[in-house]
1. So is A:THR193 among the β-branched types (Val, Ile, Thr), closer than 20 Å to A:THR126 by Cα and surrounded by fewer than 20 Cβ atoms within 10 Å (Cβ to Cβ) or not?
2. For segment B:191-298, which fully contained helices (runs of 4 or more DSSP H) count at least 1 residues that are touching a helix residue (DSSP H, G or I) at 6+ places or on another chain (Cβ under 8 Å) and within 14 Å of chain A (Cβ to nearest Cβ)?
3. Write out, first by first residue and then by second, each pair whose Cβ atoms fall under 7 Å of each other, whose residues are 6+ apart or on separate chains, and whose first residue, in segment B:241-254, is under 9 Å from B:GLY383 (Cα atoms) while the second is surrounded by fewer than 20 Cβ atoms within 10 Å (Cβ to Cβ) and of a type outside the set (Asp, Glu).
4. From the set of residues in segment B:225-244 that are at pLDDT 95 or above and among the small types (Gly, Ala, Ser), which is nearest to B:TYR429 (Cα to Cα)?
5. Which residues, counting only those in segment B:292-312, are of a type in the set (A, V, I, L, M, F, W, C), under 14 Å from B:LEU356 (Cα atoms) and open to solvent by less than 40 Å² (accessible area, probe 1.4 Å)?
6. Out of segment B:380-424, which residues are more than 28 Å from B:GLU241 (Cα to Cα), surrounded by fewer than 18 Cβ atoms within 10 Å (Cβ to Cβ) and not acidic (Asp, Glu)?
7. How many residues, within segment A:262-277, are open to solvent by less than 30 Å² (accessible area, probe 1.4 Å) and either at pLDDT below 95 or out of contact with any Asp or Glu (no Cβ under 9 Å at 6 or more places or on another chain) (or both)?
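The values are calculated or read from the model by the stated rules, or taken from the named source; none is laboratory data. This one's a predicted model, so the numbers in the text were calculated from it and none came from an experiment. Don't worry about glycine lacking a Cβ; one is built from the backbone with ideal geometry, like all the others, and counts go over all protein chains shown. These area figures cover heavy atoms from the full protein model, side chains too; ligands, DNA and RNA do not enter into them. Shrake-Rupley method; radii C 1.70, N 1.55, O 1.52, S 1.80 Å.
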2 protein chains.
Amino acid sequence: MTQKQLHLNAFLMDSGHHEASWRLPDSDPGAALDVQHYVRLAQIAEAAKFDSIFLADGSVAMGTGEFRASGQFEPLTILTAIAGATERIGLIATASTTYNEPYALARRLASVDHVSKGRAGWNIVTSATHEEAANFSLAERPLQATRYERADEFLTVAKKLWDSWGDGHFLGDKEGGRWGDPAQLRAIDHVGTHFRVAGPLNVPRPVQGYPLLVQAGASEQGKAFAAKHAEAIFVAHQTLEQGQAFYADIKARVAAEGRNPDHVLVLPGLVPILGATEAEATVMAQELDDLRIPEYGLRQLATFLDIDAATIDLDAPLPREVVEQEVREGFDSRARLVIDLAHRENLTVRQLLGRLGGGRGHNVVIGTPEQIADQMETWFTKGAADGFNVMGASLPSGLEAFVETVVPILRERGLFRSEYSGTTLRENYGLPRPVNQFDVEVANA
Amino acid sequence: MTQKQLHLNAFLMDSGHHEASWRLPDSDPGAALDVQHYVRLAQIAEAAKFDSIFLADGSVAMGTGEFRASGQFEPLTILTAIAGATERIGLIATASTTYNEPYALARRLASVDHVSKGRAGWNIVTSATHEEAANFSLAERPLQATRYERADEFLTVAKKLWDSWGDGHFLGDKEGGRWGDPAQLRAIDHVGTHFRVAGPLNVPRPVQGYPLLVQAGASEQGKAFAAKHAEAIFVAHQTLEQGQAFYADIKARVAAEGRNPDHVLVLPGLVPILGATEAEATVMAQELDDLRIPEYGLRQLATFLDIDAATIDLDAPLPREVVEQEVREGFDSRARLVIDLAHRENLTVRQLLGRLGGGRGHNVVIGTPEQIADQMETWFTKGAADGFNVMGASLPSGLEAFVETVVPILRERGLFRSEYSGTTLRENYGLPRPVNQFDVEVANA
């Protein structure tokens with residue numbers, strides 16, 4: 001395979017990414033509470049040679065649970081269960097730098113990387129909501145600037161900890177009575193603004209050196225953080241032009257940080273709604289739309305835009321003050337994309353909710369396998385994507401349909417692998433194993 | 001089975017509980033770094049119908065790693081891996097109330113309980129060492145009183161969180177569009193000294209209601225905490241009389257808390273060193289002793305007694321000021337047992353290290369299968385134990401020998417099960433599923 005290949009991540013979510021997916025006749029409404037559901041999805045993605053699967057997360061129950069699953073199991077626990085039932089696919093989960101301690105989280109991620117033989121990835125989030133702050137003894141959510149400052153220091157500490165137990169530490173010399181080489185187990189003695197951590201970590205350096213570092217924030221601070229630390233970026237774009245602009249911007253930022261832009265993969269979200277014909281796909285989309293519960297969508301939208309649901313008229317466009325608001329504290333940068341979509345296409349709130357039901361701001365593509373493959377090829381070859389974050393509107397059916405109908409077309413066009421070539425997540429993504437900073441220090445000394 | 005049955009927990013530790021076990025000819029010195037080693041040990045224990053396995057833990061690398069494994073993988077990750085490879089055995093791991101947040105840990109434990117279908121247990125520790133404090137941004141380790149106060153509030157919050165997602169929350173009513181019953185998903189709005197937690201938890205109530213709550217601290221504060229919260233207690237005793245005194249004391253404390261003493265199981269540690277004859281067992285013990293590295297033992301002892309290693313003469317008894325010291329801040333209560341052992345038997349430090357090499361203060365029994373079964377029966381029938389925490393001096397060989405030679409004798413005597421009767425850890429231990437506190441409130445309203 002000499003042609004450049006695109007990468008595929010399967011973003012897993014209970015019965016599917018469409019808010020009404022759990023109500024489809026074939027869906028298991030209890031999918032969120034069934035670890036075996038996630039295991040089966042990962043196996044489907046692995047059989048199709050996807051690079052990875054991904055689980056989003058937050059430390060908060062979702063709403064009242066009346067209209068959609070209220071939660072999911074802790075994602076690193078799910079990843080560990082999946083690790084035992086798969087061989088090659090990468091395993092990415094969200095964890096927060098605001099509500100974890102670096103020693104504990106670095107250790108857990110290293111443990112999952114070892115248990116999976118080098119397949120762990122970490123989607124780094126800073127947890128913006130009031131609700132999470134209220135579950136972690138904080139009176140107020142921390143300011144975005146503070147959260148990102150902590151996240152940056154958290155990554156510095158985590159990398160030191162992963163490097164603290166050197167690859168050569170274990171000797172196992174029974175005869176000489178030397179279990180390990182003390183020179184390869186190093187205190188880190190980190191003293192910073194947010195953390196003081198002595199180290200060393202009490203688990204070996206991850207198989208991958210560090211777990212794959214993933215990021216999904218699209219704010220200015222999120223992009224700055226991604227340019228510095230991320231190796232894969234999940235993004236939401238509605239149009240090719242948006243995708244191209246982001247892609248060019250982030251690759252330039254990566255280069256400005258002195259990093260290789262080819263070592264940071266941009267993976268836009270894609271919600272495929274598939275039919276053998278366009279008409280069939282439209283029927284499927286309509287079926288999902290008809291199952292939506294408007295109260296649910298309105299509550300979600302109000303939370304997303306950080307406004308009062310009572311101020312919203314379903315049959316009018318978004319209020320002018322919402323459309324015109326600037327990015328501000330507590331304002332999810334993805335909300336800007338939603339507002340732009342409503343404004344650009346002059347949608348009523350009811351119509352907007354219909355558009356959001358499938359993808360929460362991600363790109364919903366309704367069509368035949370060829371049409372979806374065409375759009376993917378365009379984005380991939382025209383500088384908007386290194387691959388895609390595939391979000392089945394319904395699961396497993398949406399993922400199965402994609403695997404059975406779109407993946408073969410991508411293969412025919414030489415755009416996607418037929419077999420895994422490596423064994424780790426980094427190898428799937430074509431990314432190097434990071435050099436140990438302490439070994440570099442020794443080499444330079 | 002009408003006769004009262006004893007309970008067996010297998011305490012797993014890399015190559016074994018004896019500090020030199022990794023140097024035995026048959027040992028895998030890298031066992032600490034191999035999750036499959038732990039999986040195999042759990043399978044051996046499950047085949048023998050043990051109630052549970054247990055993993056100790058601390059958030060610190062052990063020493064320099066020169067003379068023994070420097071760490072192990074994060075234990076809830078190991079439990080999850082074991083859950084996928086076993087069916088019935090209970091899975092207990094240590095986690096700290098000082099270095100976790102209740103929302104995050106309650107969620108993880110609930111997740112492991114669900115993944116394992118009701119087999120999770122939590123050994124609650126408060127993390128006494130300087131070294132852990134230095135890995136979690138604290139200048140000083142918290143005082144014992146503060147740690148236990150936090151632990152008590154932590155348990156209160158965790159129980160509220162486990163109860164917050166009621167057993168009847170999930171409806172999955174596709175037709176009516178009702179995923180869940182909001183009345184069964186309750187905010188907890190906890191406001192206390194150490195924590196403010198809004199809730200509800202974002203995972204369902206554990207299969208077991210709460211994971212099995214285990215405790216191992218033998219200080220005054222540890223015993224008071226155990227009497228209030230613990231359902232199983234791991235203890236270290238050298239003599240039957242010590243065991244009986246502790247047993248009577250803790251059961252009385254449990255009753256004084258208004259709890260049923262039969263619902264708190266006392267499980268003393270037991271390090272069996274087995275031989276077909278007493279002479280053969282003694283040879284085995286000697287082989288292990290000969291492989292010890294004195295510098296390692298001395299460092300461990302000094303850390304354990306919280307004294308300076310340089311003050312200790314290997315060929316003299318412990319210094320008088322050590323023998324006579326009172327329990328004080330930072331003084332592990334188990335250290336008192338070690339000092340008493342040295343004093344009672346008039347041991348030099350070198351002799352003491354020999355005695356500790358196998359059990360770190362636990363009861364090492366060197367003998368034939370009958371002799372070990374006799375001692376277990378005595379402790380069980382004379383009011384010192386409800387079962388035992390079996391600590392193989394070498395692993396897997398020490399556990400295999402116990403399973404093959406001692407367990408059949410216990411069965412012949414009608415003291416131990418031949419088959420599992422329940423499916424959850426609580427059922428193995430004969431303990432009830434806790435009632436949901438919010439359901440009680442509703443019933444009383």
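1. Details: among the β-branched types (Val, Ile, Thr): yes; closer than 20 Å to A:THR126 by Cα: yes; surrounded by fewer than 20 Cβ atoms within 10 Å (Cβ to Cβ): yes.
Here the answer is yes, as A:THR193 does meet what is asked.
2. Numbers: elements: B:220-229, B:240-256, B:278-291.
Output list reads B:278-291.
3. B:GLN244/B:LYS382; B:GLN244/B:GLY383; B:TYR247/B:GLY383; B:ALA248/B:GLY383
4. Applying the filter and picking the extreme gives B:ALA232.
5. If we filter segment B:292-312 for residues that are of a type in the set (A, V, I, L, M, F, W, C), which is where we start, we get B:293, B:298, B:301-302, B:304-305, B:307, B:309-310, B:312.
In the following step, the residues that additionally are under 14 Å from B:LEU356 (Cα atoms) were identified as B:293, B:298, B:301-302, B:304-305.
Correct list: B:ILE293, B:LEU298, B:LEU301, B:ALA302, B:LEU305.
6. Correct list: B:SER418, B:TYR420, B:SER421, B:GLY422, B:THR423.
7. Residues of segment A:262-277 that are open to solvent by less than 30 Å² (accessible area, probe 1.4 Å), as a first pass: A:264-273, A:275.
Then drop every residue that is not either at pLDDT below 95 or out of contact with any Asp or Glu (no Cβ under 9 Å at 6 or more places or on another chain) (or both), which leaves A:268-273, A:275.
Final tally of qualifying residues: 7.
Conditions (1) of a type in the set (S, T, N, Q); (2) open to solvent by 10 Å² or more (accessible area, probe 1.4 Å); (3) more than 7 Å from chain B (Cβ to nearest Cβ); (4) more than 25 Å from B:LEU105 (Cβ to Cβ), marked per residue:
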residue: A:HIS17; (1), (2), (3), (4): no, no, yes, yes
residue: A:SER27; (1), (2), (3), (4): yes, yes, yes, yes
residue: A:SER70; (1), (2), (3), (4): yes, no, no, no
residue: A:SER111; (1), (2), (3), (4): yes, no, no, no
